[in-house]
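Chemist: Handing you a structure now.
The values are calculated or read from the model by the stated rules, or taken from the named source; none is laboratory data. Predicted model only: the values in this text are computed from it and were never measured. Counting neighbours? That spans all protein chains shown, and the Cβs are built from the backbone with ideal geometry, glycine included. Accessible surface areas use protein heavy atoms only, side chains included; no ligands, DNA or RNA. Shrake-Rupley method; radii C 1.70, N 1.55, O 1.52, S 1.80 Å.
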Amino acid sequence: MSQNAYAKSGVDVEAGYEVVSRIKKHVKSTQRLGVLGGLGGFGGAFDLSALSDYKAPVLISGTDGVGTKLVLAIEHNRHDTIGIDCVAMCVNDIIAAGAEPLYFLDYIAIGKTKPEKLEQVIAGVAKGCVQANAALIGGETAEHPGVMPEDDYDIAGFAVGIAEKENLIDGEKNVEKGDVLLGLASSGIHSNGYSLVRRVFADFDMNETLPELTQPLIDELLTPTKIYVSALLPFIKAQKIKGIAHITGGGFQENLPRMFNSTLTAQIKEGSWPILPIFKALENYGKIKHEEMFEIFNMGLGMVLAVAPENAQAIKDELGAFEIGQIVSRKEKAVIIE
């Protein structure tokens, strides 16, 4: 089939070639030790033997997307940060397992290939990879005429990390009664709960700065997810962290119990960290029950760590963390917020 025939079916091959040309410089910015080859092969290659200091290496993988936060990016033609979100959702899961991210691949399905837009998206992916010290070693852009509207797209990512076997975070085995819970500040809503967020703010002027906020609403809602890799990795390698919970969909109630066993409870003291203004605005304008907010959003904490009491102060000081509670014997619920 000729390119003209293909173009008549809605697929722009030349635009695809332009995208590859545009993104090369962004991909190059993510290179790290272990990367083999360049952009354009049938598969991304990574040489594990380049990481010769590992005695018992374990690979950890993760995949995720950014959900309906994408709707806001598309509606407001703001595509430069959504790629950071995609990387963050994957590498934050990997670091929660105790692994250092090595490489990342993205998949973008789009209604019509628009090179400038796709360059913005992938430039964001590259920025996220740089923050996580993960190489962008491949990806796929698939044009879907007739399946999606021309201006729509979706992005998902896949990341692989490595850990020394003895450094894997196994909270179910290691977290125990008396351990201290530390919270690391989020940058905002991150990348979950946006179906509710969009409903709450559906009739608002997105360029308005609400009384609760210090920037226009759309800037607040598109603030990219914070990446915690560089902050946590030294403490993981030093075996100073016993459990990690990445606070994503399901908020505190769903994610905290994933880092300890069923005989324990996370006892959280509300007021021990600042709840970000955007969450107060959501609760107020959305008329959402206060306790339900903790079942949906991160409420200002993107990561929660379980650490031994003797290590808590040093980690707290180094990371600027908040001491938010402790692990106690199982009560009625797995998570209690007082």
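Chemist: Test of understanding: among Leu70, Leu51, Leu59, which residue is open to solvent by less than 60 Å² (accessible area, probe 1.4 Å) and modelled with pLDDT of 90 or more?
Modeler: On the way: Leu51 fails: modelled with pLDDT of 90 or more; Leu59 fails: open to solvent by less than 60 Å² (accessible area, probe 1.4 Å).
Going through Leu70, Leu51, Leu59 in turn, just one is open to solvent by less than 60 Å² (accessible area, probe 1.4 Å) and modelled with pLDDT of 90 or more: Leu70.
Chemist: Could you list, in sequence order, the residues of segment 197-218 that are in a helix (DSSP H, G or I) and crowded, with 17+ Cβ neighbours inside 10 Å?
Modeler: Filtering segment 197-218 for residues in a helix (DSSP H, G or I) gives 197-200, 217-218.
Matches in segment 197-218: Val197, Val200, Leu217, Ile218.
Chemist: Could you look through segment 313-330, keep only residues that are of a type in the set (Gly, Ala, Ser) and open to solvent by 40 Å² or more (accessible area, probe 1.4 Å), and pick out the one that is nearest to Ile241 (Cα to Cα)? Break it down stepwise before answering.
Modeler: Keep residues of segment 313-330 that are of a type in the set (Gly, Ala, Ser), which gives 314, 320-321, 325, 329.
In the following step, the residues that additionally are open to solvent by 40 Å² or more (accessible area, probe 1.4 Å) were identified as 314, 320, 329.
Working: Ala314: 12, Gly320: 15, Ser329: 20 Å.
Per the stated criteria, the residue is Ala314.
Chemist: Among the residues of segment 152-193, which ones are among the hydroxyl-bearing types (Ser, Thr, Tyr) and closer than 28 Å to Gly138 by Cα?
Modeler: Applying the first criterion (among the hydroxyl-bearing types (Ser, Thr, Tyr)) to segment 152-193 yields 153, 186-187, 191.
Passing the criteria: Tyr153, Ser187, Ser191.
Chemist: Restrict the check to segment 114-125 and report whether at least one residue is crowded, with 21+ Cβ neighbours inside 10 Å, modelled with pLDDT under 95 and touching a Ser or Thr at 6+ places or on another chain (Cβ under 7 Å).
Modeler: Yes, the conditions are met somewhere in segment 114-125.
Chemist: Still on this model: Within segment 224-243, track down each residue that is open to solvent by less than 30 Å² (accessible area, probe 1.4 Å) and farther than 22 Å from Glu292 by Cα.
Modeler: Filtering segment 224-243 down to residues open to solvent by less than 30 Å² (accessible area, probe 1.4 Å) leaves 225, 227-229, 232-233, 236, 241, 243.
Once the filter is applied, which keeps residues that are open to solvent by less than 30 Å² (accessible area, probe 1.4 Å) and farther than 22 Å from Glu292 by Cα, segment 224-243 yields Ile227, Tyr228, Val229, Leu232, Leu233, Ile236, Ile241, Gly243.
Chemist: Under 8 Å by Cβ, and 6 or more places apart or on different chains, what pairs join a residue from segment 283-311 that is closer than 19 Å to Ser186 by Cα and among the acidic types (Asp, Glu) with one that is part of a helix (DSSP H, G or I) and open to solvent by 20 Å² or more (accessible area, probe 1.4 Å)?
Modeler: Glu283/His290; Glu295/Gln253; Glu295/Glu254
Chemist: Quick check on this structure: which one of Glu140, Glu150 is farther than 30 Å from Pro309 by Cα, without any contact (Cβ under 8 Å) to a residue 40 or more places away in the chain and assigned to a loop (DSSP other than H, G, I, E, B)?
Modeler: Working: Glu140 fails: assigned to a loop (DSSP other than H, G, I, E, B).
Being farther than 30 Å from Pro309 by Cα, without any contact (Cβ under 8 Å) to a residue 40 or more places away in the chain and assigned to a loop (DSSP other than H, G, I, E, B) holds for just one of Glu140, Glu150, which is Glu150.
Chemist: In segment 244-270, how many are crowded, with 21+ Cβ neighbours inside 10 Å and in contact with a helix residue (DSSP H, G or I) (Cβ under 6 Å, 6 or more places away or on another chain)?
Modeler: 7
Chemist: Go through (1) modelled with pLDDT of 95 or more; (2) open to solvent by 10 Å² or more (accessible area, probe 1.4 Å); (3) touching a helix residue (DSSP H, G or I) at 6+ places or on another chain (Cβ under 9 Å); (4) farther than 25 Å from Phe235 by Cα for Lys333 and report which single condition fails.
Modeler: So the condition that Lys333 fails would be (1).
Chemist: Okay, moving on. If we keep just the residues of segment 137-160 that are modelled with pLDDT under 95 and closer than 21 Å to Gln31 by Cα, which is most open to solvent (accessible area, probe 1.4 Å)?
Modeler: So, considering only residues that are modelled with pLDDT under 95 and closer than 21 Å to Gln31 by Cα, the one most open to solvent (accessible area, probe 1.4 Å) is Glu140.
Chemist: Here's a follow-up. Which ones in segment 267-291 are within 16 Å of Phe252 (Cβ to Cβ), in a helix (DSSP H, G or I) and out of contact with any strand residue (DSSP E or B) (no Cβ under 8 Å at 6 or more places or on another chain)? Show your work before the answer.
Modeler: Narrowing segment 267-291 to residues within 16 Å of Phe252 (Cβ to Cβ): 267-276, 279, 282-283, 288-291.
After this cut, where a residue has to be in a helix (DSSP H, G or I) as well, the list is 279, 282-283, 290-291.
Result: Phe279, Leu282, Glu283, His290.
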